[in-house]
Each structure stands twice: as C-alpha cells, then as structure tokens.
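The next block holds one structure in the form of structure tokens; read it before the comments.
The values are calculated or read from the model by the stated rules, or taken from the named source; none is laboratory data. Just so you know, these numbers come straight off a predicted model, no measurement behind them. Cβ sites come from the backbone with ideal geometry, for glycine too, and all protein chains shown count toward neighbours. What goes into the accessible areas is simple: the full protein's heavy atoms, side chains included, and nothing from ligands, DNA or RNA. Shrake-Rupley method; radii C 1.70, N 1.55, O 1.52, S 1.80 Å.
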Amino acid sequence: MEGVGLLVPVLAATAVVAVLGLLAALSRKRSTEDASRAYLAGVRYVLSDEPDAAIAELSRAAQLNTGTTETYFALAALMRRKGELAWAIRLGQNMLLKPQLQPDVRRRARLELALDYRRAGMQDRARETFEALVGDAPVQPEALVAFRRLLEESREWPRAVEIQELLLQSSGAGDDVLAHLLAEQSLAAVASDPGSARALAERATSLVPDGAHGLLALGRARLGAGDRAGAQDAAREAVAREPETAAQGLALALEAGAAPEACAQWLGALEEPLGERALPVSLTRAEALIRAERPEEAVGVLQAAVARTPRSVEARRALGELLLATGPLDSVRDQYREVLRRLGDPLLAFRCGSCRARFRTFDFRCPGCGAWDALSRERGTTTGEFDPLRSRA
C-alpha cells in the first residue's frame with residue numbers, strides 16, 4: 001500500500017506535464033494557423049494592390065511566427081515598393097541576426113540587404129555586404145553581377161576585374177565584359193604606370209581582338225610608353241571596328257603626332273565599306289579636314305554624308321554649321337541659319353537596348369543601367385558633336 005501511495009503523486013505529476021505539453025502544442029498549432037492565415041491575407045492584399053493592408057497582415061504573421069523567413073522577405077519587398085528603404089534595411093539586418101539561419105537563406109538576405117544599401121545610396125555599406133556575400137560561397141551569379149556594377153559605378157576597376165573573373169569561372173561566359181573592365185583599368189593606370197596599362201590593354205585585346213575599347217586603351221598605353229606609331233595604328237583599328245569611336249580615334253591619333261591630312265585620308269578609306277554606319281566617320285573626317293585648313297573638301301564630305309544618309313539630322317546640321325562658318329555668300333548663310341533654326345536643339349541620338357533609355361553621346365557602357373555594348377545610334381537623330389569653329393581652333 002505504501003508503494004501505491006507513492007505512485008499516485010508521480011502519475012498525477014506526469015499527467016499535469018502531459019496536459020501542459022498538449023496545451024502548448026495546441027497553442028503553437030493555433031499560433032501557426034493564425035500566422036498562416038495572416039500570411040495568406042497579406043498575399044491577397046498584395047495581389048489586390050493594397051500595400052498598407054498587406055504590410056499590416058504580414059507584420060502580424062511575423063509576430064505570430066518569428067521563425068519564418070518568407071514573411072520577412074515579403075515585408076521587405078513591400079517596404080521597398082513603398083519607398084521605405086530604411087524599413088527594408090532594418091528587416092534585412094534583423095533577419096541576419098537570427099540564429100541557425102540556413103546558408104541559402106542567409107545568402108539571399110545578404111544580397112537583398114546589399115541591394116537595399118545601394119538603392120539608399122549607402123555605397124560603403126553595400127560594398128561591405130557584397131564582400132561578405134562573396135566570402136560565403138557558393139555565390140549566386142546575380143550577386144556577382146550586382147557587386148560588379150557597384151564597383152563600376154565607383155570606378156574600382158581592379159576589384160571589378162576580380163569579381164568578373166569569379167563570374168567567368170562560375171558561368172563560363174563574360175569574356176566581353178572582362179575585356180571592357182581591363183580596358184578601363186588600363187586607361188586609369190596609363191598616367192602612373194604605362195607598362196602595367198599596356199599589359200592590361202593587351203590582355204583585353206587578347207580576350208576580344210575586335211574590341212574597340214581595348215584597342216583604344218592599347219593606343220593610350222602605347223602613347224604613354226612613347227610608341228607613337230603603335231598608338232596611331234591602334235586608333236585606326238579601333239575606328240574600323242567601331243565607327244562611333246571615330247572622334248576618340250582622331251583625338252588619339254593627333255596626340256600621337258599624326259597629321260590631320262593623314263587622319264582624313266585613313267578615315268576616308270573607311271567610309272565606303274561602312275555604308276550608312278559611316279556617319280560618325282564622315283563627321284570626324286570633316287573635322288580632320290577643317291584642322292588641315294581644307295574647308296571646301298570638308299563641305300564635300302558632309303554633302304556626301306547627307307546624300308548617303310538623307311534622314312540624318314546630324315549630317316545636315318554639321319553641313320549647315322560648316323557653311324555658316326566658311327560660306328562665301330551671305331545668301332548661303334541666311335539659308336542655313338533658317339535650316340538650323342528649324343532643326344532645333346540636339347536630340348538624344350543613342351538608345352540602350354537593355355533599359356531603353358536615350359543618351360546624347362556614345363559609350364561602351366550604358367550610363368543608365370550599366371549594361372555593356374548596349375548603346376546604338378537611332379536613325380534621324382543628332383548628337384550635335386561637330387563644331388567647325390572648334391575644329392579650326
């Protein structure tokens with residue numbers, strides 16, 4: 001009987017523990033169910049374009065179930081959509097403080113936090129977060145691309161090259177972008193270290209032999225090392241590969257000691273094979289002829305450009321400006337003043353094939369979205385780059 005008396009309290013205590021455990025389980029289940037309902041309600045509000053109501057429901061879901069991560073990601077996305085970057089950043093920071101976060105979730109949270117820092121203009125914090133992300137392998141390709149673009153914006157070319165090399169190793173593609181980055185690194189180094197600049201440019205041209213960017217960088221590096229003839233050769237080859245670099249090629253050749261007449265000659269040799277793409281070459285050839293004090297020939301070059309590309313406002317404007325500067329007859333000047341007045345201000349001549357933004361001048365990298373090799377000239381537009389009075393100076 002004594003043993004039975006001792007057993008009763010033990011069984012009672014066990015029953016109490018079991019009941020408490022059951023109540024806790026039911027409470028957790030209820031909490032989980034409430035959190036799920038709140039999450040689904042938040043999703044419905046997102047779909048119905050009611051971001052404030054969605055934020056309220058998702059915040060409730062996060063409070064009911066602090067272990068979930070998708071709720072935090074959804075909340076951060078909504079904050080971003082409303083322009084509340086500070087809140088999105090705080091959510092990302094809090095998520096990374098969670099213990100035992102799964103590696104893939106941690107990498108995703110770091111990437112979104114780095115992008116939010118970048119959107120908020122906190123470039124140093126973005127760079128630190130990207131560096132932490134790169135050190136947490138494996139790194140998503142989109143993270144490497146985003147980090148590289150941040151480095152491009154701050155012109156940190158050596159580190160951008162390293163990141164692109166990582167991307168190349170993981171995906172096997174991207175030689176063309178790496179060549180552009182090497183060309184930029186070369187151009188940045190040419191004043192202080194022509195030897196290193198030349199090695200970088202030569203690597204760029206080995207990756208993309210037809211790349212005008214690398215050829216221009218090689219020309220600058222050769223000029224920095226005193227190789228004037230080599231610089232002129234690179235300038236000519238760059239323009240042959242990309243006609244939009246004609247102005248840069250002429251400037252490089254002239255700095256390397258080429259005579260304006262010689263430049264006009266090799267530019268002229270490129271015009272016919274290029275057809276309609278020859279417009280920037282024709283404009284630059286006219287500039288070379290003006291520098292050589294041969295304005296009549298420059299007029300002929302521009303008239304031929306107008307005949308070849310009759311829809312080009314740029315060619316007509318350049319011809320009108322040249323005739324205004326050199327025309328012998330007042331009637332001709334009056335005529336072209338009226339033409340130029342009707343043409344108006346220069347238009348945005350280049351469109352990015354990636355973000356569709358338009359720009360006044362050509363560049364290898366889109367100033368808007370950062371895409372490489374995305375700008376192309378639109379027909380019937382003008383950049384207003386040709387200035388005969390400047391050319392004669």
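Roughly how many whole Å is it from the C-alpha centroid of segment 249-311 to that of segment 91-155?
Here the two parts' Cα centres lie 48 Å apart.
By accessible area of protein heavy atoms, probe 1.4 Å, what ranking do TRP372, TRP87 get, highest first? List each step's numbers first, then the result.
Numbers: TRP372 30, TRP87 125 Å².
Sorted by accessible area, descending: TRP87, TRP372.
Using a 1.4 angstrom probe and counting only protein chains, how large is the accessible area of GLU202 in Å², to 10?
90 Å²
Using θ = phi - 60° and the Karplus form 6.51 cos²θ - 1.76 cosθ + 1.60, what ³J(HN,Hα) does each residue of segment 139-155 get, whole Hz, x for Gly and Pro?
9, 5, x, 5, 5, 5, 5, 5, 5, 4, 5, 4, 5, 4, 4, 8, 6
Determine the sum of side-chain charges near ALA235: Lys and Arg each +1, Asp and Glu each -1, restricted to other residues whose C-beta is under 10 angstrom from that of ALA235. Please report the intermediate quantities before stating the final value.
Numbers: positive: ARG220, ARG222, ARG236; negative: ASP233, GLU237, GLU255.
Neighbour charge sum, excluding ALA235 itself: 0.
Please list the non-local residues whose amide H lies under 5 Å from the amide H of LEU375, H modeled 1.01 Å from N, same-chain partners needing a gap of 5 or more.
Long-range HN contacts for LEU375: GLY353.
Write out the trypsin sites (Lys or Arg not before Pro) in segment 155-218 meeting two conditions: DSSP loop, and at most 15 other Cβ atoms within 10 Å of their Cβ. Mind dumping the intermediate values first?
Working: sites: ARG155, ARG159, ARG198, ARG203; in loops: ARG155.
Sparse-neighbourhood loop trypsin sites (Lys or Arg not before Pro): ARG155.
Among residues other than GLY214 whose Cβ falls under 12 Å from its Cβ, what is the net charge (Lys/Arg +1, Asp/Glu -1)? Please list the in-between numbers first.
Details: positive: ARG198, ARG203, ARG220, ARG241; negative: ASP175, ASP176, GLU184, GLU202, ASP210, GLU237, GLU242.
With Lys, Arg at +1 and Asp, Glu at -1, the net is -3.
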